[in-house]
Each structure stands twice: as C-alpha cells, then as structure tokens.
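The values are calculated or read from the model by the stated rules, or taken from the named source; none is laboratory data. Being a predicted model, the structure only gives us computed values, none of them experimental. Backbone-built Cβ (ideal geometry, glycine too); neighbour counts: all protein chains shown.
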Amino acid sequence: MGKGTNEEREFSESIDRLLAGEEVKAGEDMNEDYRTAIKFARKLAESSVGPSPQFKDQLRQRLLQQLAKQEAAARQKEKGSRFWDGLRNLVPRRPVWQYATTMVAVLMLVFAIVLSSTVFAPSPVVVEPVNGDEGPIIGMPEQDLLGLEAIPQEMVISLAEEVVEIELVFQNISSESLTVTSFPPSIEIIRIDDGEVVRNLEAGGVGVEILQSESVTYTLVWDLRDNSGEKVLPGWYSINVNDVTLSKAGEPAEIHQVFGAVAQLFVD
Amino acid sequence: MDAVKEATSTRETFAELYEIYMPKVFRYIQYKISNKQLTEDLTSAVFEKALVNFSKYSSDKAKFSTWLFSIARNMVIDYYRVSGRRETTSLEEATEISSRDLSPEEELEKKVELERLQVCLVELSKEEQEIIRLKFGAELNNRQIAKMLGLSETNVGTKLYRAVRKLRDSFQESENG
C-alpha cells in the first residue's frame, strides 16, 4: 500500500473522529499539506449550523401527529379486511353450496328490506309542547338549524398533559333565533378502538339564546380521565355531541339535533 | 392492546431516529441550499416522505442512514429540477444562520465563514461537492458514501482528501483576495 493511500485513509479516519467530537491532531511526521488539510476539515466540521430548536420541535410534533394518523388508518383498514375475510370464510367452497348460500342471502336481504319498510318504519320523536295546547309536535328538524364545529377537529395530546381543551362553536344557521335549552349539551367521549364510552359529561342547565347567524362557543375541558377518575389508555378518542335540545323563538316545542362525533384526538 | 404496543414502539423508534438524523439531514441540505426557509421546508419534506415509507424500509437492504440520505439527496435533486434553478450559490442568497449559544459577533463571523465556504464549494466538481456534503453535513462514513455514489470505499477516501484540500486552497484564496 502506497504512502498516498495511507495518508488518505488516515485523513478519513481523522475526519470521522473529528465529526464524532474527538480531538484530532495531525502528527509531527505528517507534511504541512496534510496538517493544514486537517485544520481546514476542523473548520468545515465546526462551520455547519444545526436547525433551530423551535423548528426541530415543531417538525417532530407534526411528524408524530402524522404517524398517529397513519397508524389509525392502518388499524381501521386491518379491521375492515378481517371482517371481509371472516365473511368469505362463511361461504362454502363447492359451487352448489355457494349458489345455495347466495340464494339464501338474497332472500334474507329482500325479507329484511320488506320488513323494515313496513313493520319497523321509524316513528318520529314526539315531544309534548310545554303549554300543552297545540298537540304533539315532531321533534327532529327537517334540516339542521344549528351548525357545530370543533376546533381543532383532530389533535394529538400527551397523556402527561393535565387537560385538553377543545372549542365547540355552535352556529345558528336557521332563519330565526334559537335557544339551546340545556347548555352546554351532554357530551360523550368514546374510545374508538372498542367503542366504549369512557366519559360522560352531563348537559348544563342553562338556556342560551343564539341569534340568527350568531354563534356561541363552549370550551370543552377534559382531564383525560374516565368516569371513574382514572387516566385513560393511549389511543384514539372521539368527542360525540349526541343530542342538543333547541327551541325556536316564540315556539314552546323542543327540537332535538344530533351531531355525533365532532372531533377526534389521539392520546399518546 | 398489541396494536397499541406496536404503535407505541414504532413511534418511539421513529422519534429516536428523528433525534439522531434530523440535524444531519438539515446540515446536509444546508450545504446545498443556501436559504434557511427552504432548507427547513426540504428537511420537513424528507422526513414526511420517510415517515410515509417507514413501514417499507428494510434494515436488511440498507442502513437507515443510507436510506434516509438517499431520500434527502433525491429531494434536493428534484428541487433543482422542478424549480429550474442552477446549483450555484451567491453571497446574496446565502444562509441566514440562527444558532443558539453564540454571541451576535460569533454568529456574524460564522455566517460570513459559511457563506464563503458555500461559494467556494460550488467551484468543486459535482462529485466532490456531494462527498463534502455527505461527509461534513450528513456525517456518513466512507463506506456509506461509497454505497450512495457507486464508488469504492478507497476511492471515496482519495476523493475526500483531494476535495478538502481543493476547498482549503479556494477558501484561502478568497480570504486573501
């Protein structure tokens, strides 16, 4: 091996040590060219500037949120594929039996449709009027009267945090004034993995009037604990607003509007 | 619960790798792109791409650092191709440095030095520039650089030694001139 190759190898090794934070000195036996090259390499190693801590933290946070979303989507997909696999296993492999199974399934489907459209047709929610004179009033609105937006709609929160805050903005999208008769409405926090309601937040007893096009904000503060006061497990949770009781200005009847899941959060 | 455990473990692994490699990716890109905002944007894009493909990464095929810096390298190449910019650096567009633990004077001195280095760097051949960036920015060893550039390890050592000396001479000339 030539002198040049040895010098090059030693130079590379010295740079690796420099970059690892070790002190490197060129030996006295080395020529001036080599020694100044090492000195310059030290300058190069010291000249590069790292990212700002703020950028580093923000990007880390964003990536972990993205990872949590990816994992939740993958889990959802896996659940779906398990369901279809299970369904496929129910169908026998021989063609005759496959035909028979399909026929039975089709007949059952037709029967279920006929049955549901006659016997089990949903009856409207009936709410008695407060003054009792106008007769029963249908309780479900034909179209939404109230809009609800959660801010943020999705977030990642560390289990180490004391509380999580989510703003629920109720906007009157009807053409008249509305009163939310029990404000804030009842809220359920559901663990998405198994559908268990981990926390119920009871409706408040205050009536809040929302003028046309106006909005009212309620800040939901959750201490990341379940109904028994224990910290919840890591995973995805949804915030559900299931029933908001409303009344229109000058009308005694109560109207119920259901929103369902309005926000999701990943507890890390 | 297994899925939760697995997810926690993936998050922990990714978080650990991020801590180790994020500053190196940033420095590697900074050696090539002289604008701080753009360096941050491209660093973000590299890690977002790595995250999306993280499940496909196999440690049998390549070391994580080699895999990650291949993404970074292609990202920078794509940036120049799409934007139609030339790979040159001018003092006017050189990096805005923001670093902690430095006095304003030291920061200014470092900024000026880095600007001069970036200007001198583009005088080297493309391959020499890449070796300098992969060594001093990404902090890869010669074997990893060799794998990325399709060279032998000895060849990388030779080229690195030559590139550093050329850069030193060019830097000294700019200092004197």
By residue number, the members of segment A:34-71 that are more than 7 Å from every other protein chain (Cβ to nearest Cβ) and more than 27 Å from B:Ser44 (Cβ to Cβ) are A:Tyr34, A:Arg35, A:Ile38, A:Lys39, A:Arg42, A:Lys43
(message) Quick check on B:Glu12: is it more than 18 Å from B:Leu134 (Cβ to Cβ) and facing chain A (nearest Cβ under 10 Å)?
(response) no
The condition of being in the same structural domain as A:Asp16 (by TED's automatic domain parsing) and either at pLDDT below 90 or of a type in the set (Lys, Arg) (or both) holds, among A:Lys79, A:Lys43, only for A:Lys43
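Restricting to segment A:1-32, name every residue that is part of a helix (DSSP H, G or I) and loosely packed, with under 11 Cβ neighbours inside 10 Å.
Within segment A:1-32, the first condition is being part of a helix (DSSP H, G or I), and the residues that meet it are A:3-19, A:32.
A:Lys3, A:Gly4, A:Asn6, A:Glu32 - these are the residues of segment A:1-32 that are part of a helix (DSSP H, G or I) and loosely packed, with under 11 Cβ neighbours inside 10 Å.
Condition (residue is in the same structural domain as A:Asn242 (by TED's automatic domain parsing), in contact with a Ser or Thr (Cβ under 8 Å, 6 or more places away or on another chain) and at pLDDT 75 or above) applied to segment A:149-162: is it met by at least one residue? Even if it seems obvious, please write down each step before you answer.
The first filter runs over segment A:149-162 and keeps only residues in the same structural domain as A:Asn242 (by TED's automatic domain parsing), leaving A:149-162.
Filter once more, so that each one left must be in contact with a Ser or Thr (Cβ under 8 Å, 6 or more places away or on another chain): none.
So far as segment A:149-162 goes, no, none of its residues is in the same structural domain as A:Asn242 (by TED's automatic domain parsing), in contact with a Ser or Thr (Cβ under 8 Å, 6 or more places away or on another chain) and at pLDDT 75 or above.
Looking only at segment A:183-199, which residues are surrounded by 16 or more Cβ atoms within 10 Å (Cβ to Cβ) and assigned to a loop (DSSP other than H, G, I, E, B)?
To start, the set of residues in segment A:183-199 that are surrounded by 16 or more Cβ atoms within 10 Å (Cβ to Cβ) comprises A:183-193, A:198-199.
Result: A:Pro184, A:Pro185, A:Ile192, A:Asp193.
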### Query
If you go through segment A:237-255 one residue at a time, do you hit one that is part of a loop (DSSP other than H, G, I, E, B), over 16 Å from A:Thr179 (Cβ atoms) and in contact with a strand residue (DSSP E or B) (Cβ under 9 Å, 6 or more places away or on another chain)?
no
The lone condition B:Ser170 fails out of (1) buried (at least 21 other Cβ atoms within 10 Å of the Cβ); (2) in a helix (DSSP H, G or I) is (1)
